[in-house]
Amino acid sequence: MAVEVKRDGAVAVVTVARPEVLNALNTATNAELLSVVGAISSDPGVRAVVLTGAGEKAFVAGADIAEFRDMSPEDARHASALGAEAFAAIGEAPQPWIAAVNGFALGGGCELALACDIRLAAEGARFGQPEVNLGITPGWGGTQRLPREVGSGWAAYLCLSGRMIDAAEAARIGLVQAVFPAARLMDEALKLAGELAAKPPLAVRSIKLQVRRALDVDIASGHEIERGLFALTFASADRGEAMDAFLQKRKPRGYEGR
């Protein structure tokens, strides 16, 4: 299996496991990732996900260029569509996805990290969109998600130059939310995932949807979406338990997911 899944209670850990090629993404791996995301999305027992890469060198070092080398334009369009579908499925999943970037996140790897809701990085991680050096453009969302996360100037800089930046710079420009020593990265990612998994599930799902939609609609439409989902949470049994726990100064007794 090129994509491995392990469960830790309500947290799923998804690992791209092709360390012999620095976890490079090919067609088969993207198809497997799409299947995994679909299965997790339909599992109400999973309430948060951590995504990482096998080994110590790479999160995902990019696309499998050996596969790309002889693709026709039509083949390339299909490959782009499949990767885009798999990455978009992460955004559409009800659970928050946390990228634990443990090494190189280049090209498709940077795009995969961008597809996640939150990105944490090891101090030695490196990010970049080097496709221009191969005579191609990013094909799995790099030119679209990157400007939304870091602004058009930084997106142009990274995509046009093909340069890499380190984890500290990635944090400074907002590409990642936190940086940790490599030995602590997974512990910190699992800690955060556990915190998110313990929160009222309907509220978590609704917040993820609202934040995602904010990037694609005008602010008035966004406010309307927010008002609707805000009201919906008031019909939730979890809302009652959460508010009772707050008022009674105790921990919640558990959530039903509705």
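Side notes on the structure shown:
- Positive-end ranking of 165, 185, 14 along the dipole of the chain, with charges on Cβ about the Cα centre, is headed by 185.
- A simple spin-label model places the labels of residue 152 and residue 177 2.7 nm from each other, with each point 7 Å out along Cα-to-Cβ.
- The range 98-121-the range 17-74 distance, computed between alpha-carbon centres (Å): 11
- Estimated at 0.36 nm per residue, the fully extended path between residue 216 and residue 232 surpasses their Cα-Cα distance by 3.6 nm.
- Structure remark: mean-square fluctuation, Gaussian network model of the chain, C-alpha springs under 10 Å; the largest value among 71, 186, 164 belongs to 71.
- Counting only alpha carbon atoms, the long axis of helix 27-41 and the longest principal axis of the chain meet at about 0°.
- For the peptides 89-95, 118-124, 231-237, 204-210, the ranking by packing is 118-124, 89-95, 204-210, 231-237, with the highest mean count of neighbouring Cβ atoms within 10 Å listed first.
- With helices as the sole contributors, the chain gives -15500 deg cm²/dmol at 222 nm; each DSSP H run of n ≥ 4 counts as -39500 (n - 2.57), and the sum is divided by every residue.
- Average accessible surface area per residue within the chain, 1.4 Å rolling probe, Å²: 50
- The angle separating the long axis of helix 73-92 from the principal Cα axis of greatest extent in the chain is about 20 degrees.
- Rounded to the nearest 20 debye, dipole of the range 1-98 from Cβ charges on Lys, Arg, Asp, Glu: 300
- Most mobile of 189, 24, 66 in a GNM of the chain (Cα contacts under 10 Å): 66
- Taking trypsin sites (Lys or Arg not before Pro) across the range 40-107, the ones in a DSSP loop with at most 11 further Cβ atoms lying within 10 angstrom of their Cβ are 69.
- Cβ charges +1 (Lys, Arg) and -1 (Asp, Glu), total dipole of the chain, debye: 920
- Computed from the Cβ-Cβ distance with R0 of 41 Å, the FRET efficiency linking residue 136 to residue 184 stands at 0.70.
- Descending principal axes extents, the range 1-94, alpha-carbon based, whole Å: 43, 28, 18
- Accessible surface of the chain [probe 1.4 Å, protein heavy atoms]: carbon and sulfur percent: 58
- The angle between the Cα long axis of helix 237-247 and the longest principal axis of the Cα atoms of the chain comes to about 70 degrees, rounded to the nearest 10.
- DSSP-defined antiparallel bridges as percent of all bridges, the chain, nearest 5: 30
The values are calculated or read from the model by the stated rules, or taken from the named source; none is laboratory data. Nothing here was measured: the structure is a model prediction, and the numbers come from that model. Cβ: placed from backbone, ideal geometry, glycine included. Neighbour counts: every protein chain shown. Surface areas here come from the heavy atoms of the whole protein model, side chains and all, with no ligands, DNA or RNA. Shrake-Rupley method; radii C 1.70, N 1.55, O 1.52, S 1.80 Å.
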